[in-house]
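**Student:** Let me begin by handing over the structure; questions about it come next.
The values are calculated or read from the model by the stated rules, or taken from the named source; none is laboratory data. Values in this document were obtained by computation on a predicted structure and should not be read as measured data. No Cβ is skipped: glycine too gets one built from the backbone with ideal geometry, and neighbour counts run over all protein chains shown. All accessible areas refer to the heavy atoms of the entire protein, side chains included, with ligands and DNA or RNA removed. Shrake-Rupley method; radii C 1.70, N 1.55, O 1.52, S 1.80 Å.
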Amino acid sequence: MILSFRPILLELRHPFRLATGSRTHTNAMLTEIHFEGLVGYGEAAMPPYYGENHDTAAAFLKRAALVFLQLPESLELSGSSIQTILSQIDSLAPGNHAAKASIDIALHDLWGKMEGRPLWQLLGVEPDKMPPTSFTLGIDEPEVLRQKMLEAADFQIIKIKLGSENDRQIIRSIREMSDKPIYADANQGWKSREEALELVHWLAEQNVRIIEQPFLKDDLASAAWLSARSPLPIIADESFQRLADLGRVANCFHGVNIKLMKCTGIFEGFLVAKAARAKGLQLMVGCMTETSCGISAAALLAPLCDYADIDGCWLIRNNPFELPVLENGKIRLGESVGLGLTSCL
Ligand code: MG
């Protein structure tokens, strides 16, 4: 098996404004694993706040490529051989979660292609349980929000980034245009517990359904305080990365946001989902700004989750793959082999 990779800058359709800053591009790495004429596609999407970039990913993937060169030529991919390869890759270096996810995703896509079956079938995913995915609107002026709302027409749920001084104003301007349910993400932006609680009560009256990451990621005490009082589910995003973090956050939030780029990919994502359910947690599956590759991989987890926010590929201009098919705002798991990706190039 040959692992190759190339950097790409994903161009955002709109500058992405969060409580913590704004950006126009996301660094990503597209990986491929070649085997007997088949190609598995993977992706690492690397927003700046998790510390990975083109250089760190290239350095890690070069080391990983050597592991692939040493695999036996007769290797058959299966759930268990993928697990063995991934644990070898994981032990190469700590961190590098997105780079690791790019290998995990490419291996899974290749497995589906080798078996000639859609990956969701191999993984026992139930397409009927697919939840609708939300569509994210970044913080913006009312005029721009109006334009973005048109782009959200195919989606049943709106996701809004909060965490600035004018959260109520943002929600009011959305409500002038739409009564769709809202997922609100404070992105660590709220400062005061009491003000947050008051705001959450108000948001609940505005048909907001969940709150993501109200306080700084390490302020678990405030998250626990709010979760004990909130009328809405409080979901950990930045506070939660991988399976090993679950115990630390389980009693402080109502649920966790699983992102493949944080948890190193599909394999660990399924483990997280199972372990989180066993702890009675709600589940959300999220994404970065990603191509259809990362999003199609995340969609495999969505039927296990209560909430899906996997819209990243609709937020970029230069997606190298065709968009997933939406039905009633839900990503359709089709009959194509592997992840079902079609390259646009
Ligand atoms: Mg979030």
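**Student:** Check every one of the strands (runs of 3 or more DSSP E) wholly within segment 1-81 and list those with 2 or more residues that are in contact with a helix residue (DSSP H, G or I) (Cβ under 8 Å, 6 or more places away or on another chain), of a type in the set (Gly, Ala, Ser) and surrounded by 14 or more Cβ atoms within 10 Å (Cβ to Cβ). Break it down into steps so the answer makes sense when it comes.
**Tutor:** Details: elements: 2-18, 21-35, 38-46.
Of the strands (runs of 3 or more DSSP E) lying wholly inside segment 1-81, those with at least 2 residues that are in contact with a helix residue (DSSP H, G or I) (Cβ under 8 Å, 6 or more places away or on another chain), of a type in the set (Gly, Ala, Ser) and surrounded by 14 or more Cβ atoms within 10 Å (Cβ to Cβ) span 38-46.
**Student:** Filter segment 318-345 down to the residues that are open to solvent by less than 70 Å² (accessible area, probe 1.4 Å) and outside any loop (DSSP other than H, G, I, E, B) and list them by number.
**Tutor:** Hits for segment 318-345 are 321, 326, 331, 338, 343.
**Student:** Looking at segment 220-244, which of the residues that are closer than 27 Å to residue 26 by Cα and among the charged types (D, E, K, R) is surrounded by the fewest Cβ atoms within 10 Å (Cβ to Cβ)?
**Tutor:** If we take residues in segment 220-244 being closer than 27 Å to residue 26 by Cα and among the charged types (D, E, K, R), then 242 is surrounded by the fewest Cβ atoms within 10 Å (Cβ to Cβ).
**Student:** Could you check residue 247 against (1) open to solvent by 20 Å² or more (accessible area, probe 1.4 Å); (2) part of a helix (DSSP H, G or I); (3) in contact (Cβ under 8 Å) with a residue 40 or more places away in the chain and say which number it fails?
**Tutor:** It fails just one condition, (3).
**Student:** Are any residues in segment 107-153 among the acidic types (Asp, Glu) and buried (at least 18 other Cβ atoms within 10 Å of the Cβ), and if so, which ones?
**Tutor:** The initial filter retains those residues of segment 107-153 that are among the acidic types (Asp, Glu), namely 109, 115, 126, 128, 140-141, 143, 151.
Those that are among the acidic types (Asp, Glu) and buried (at least 18 other Cβ atoms within 10 Å of the Cβ): 109, 140.
**Student:** Among the residues of segment 209-223 satisfying the criterion of being more than 12 Å from the ligand (Cβ to nearest atom) and not in a loop (DSSP other than H, G, I, E, B), which is farthest from residue 90 (Cα to Cα)?
**Tutor:** Only one residue fits best here, namely 209.
**Student:** When the residues of segment 190-210 are filtered to those that are open to solvent by 10 Å² or more (accessible area, probe 1.4 Å) and under 24 Å from the mean Cα position of the chain (by Cα), which remaining residue is nearest to residue 135 (Cα to Cα)? Quick ask: steps written out before the conclusion?
**Tutor:** First pass over segment 190-210, keeping only residues open to solvent by 10 Å² or more (accessible area, probe 1.4 Å): 190-195, 197-199, 201-202, 204-207, 209.
This time we only want the ones that are under 24 Å from the mean Cα position of the chain (by Cα), so: 190, 207, 209.
Working: 190: 22, 207: 16, 209: 14 Å.
Once the filter is applied, the top-ranked residue is 209.
**Student:** For the condition outside the structural domain of residue 197 (by TED's automatic domain parsing) and not basic (Lys, Arg), what is the one hit in 76, 151, 176, 165? Give the derivation first.
**Tutor:** Values: 151 fails: outside the structural domain of residue 197 (by TED's automatic domain parsing); 176 fails: outside the structural domain of residue 197 (by TED's automatic domain parsing); 165 fails: outside the structural domain of residue 197 (by TED's automatic domain parsing).
The conditions single out 76.
**Student:** Okay, moving on. Residue 269 versus (1) open to solvent by less than 20 Å² (accessible area, probe 1.4 Å); (2) without any contact (Cβ under 8 Å) to a residue 24 or more places away in the chain; (3) small (Gly, Ala, Ser): which is the lone unmet condition?
**Tutor:** (2)
**Student:** For residue 343, only one of the following conditions fails: (1) away from the ligand (no atom under 15 Å from the Cβ); (2) among the hydroxyl-bearing types (Ser, Thr, Tyr); (3) over 11 Å from the mean Cα position of the chain (by Cα); (4) at pLDDT 95 or above. What is its number?
**Tutor:** (4)
**Student:** Still on this structure, please answer the following. Across segment 224-263, what is the total count of residues that are of a type in the set (Phe, Trp, Tyr), away from the ligand (no atom under 15 Å from the Cβ) and closer than 19 Å to residue 301 by Cα? Outline the logic, then answer.
**Tutor:** Going through segment 224-263, the residues of a type in the set (Phe, Trp, Tyr) turn out to be 225, 240, 253.
Applying the additional criterion that residues be away from the ligand (no atom under 15 Å from the Cβ) yields 225.
Then keep just the ones that are closer than 19 Å to residue 301 by Cα; that gives none.
Total meeting the criteria: 0.
**Student:** Sticking with this structure for a sec: State the number of residues belonging to segment 131-160 that are at pLDDT below 90 and not in a loop (DSSP other than H, G, I, E, B).
**Tutor:** 11
**Student:** While we're here: Is it the case, given these coordinates, that residue 182 is aliphatic (A, V, I, L, M) and farther than 23 Å from residue 263 by Cβ? Lay out the reasoning, then the answer.
**Tutor:** Values: aliphatic (A, V, I, L, M): yes; farther than 23 Å from residue 263 by Cβ: yes.
Yes; evaluated as a whole, the condition is true for this residue.
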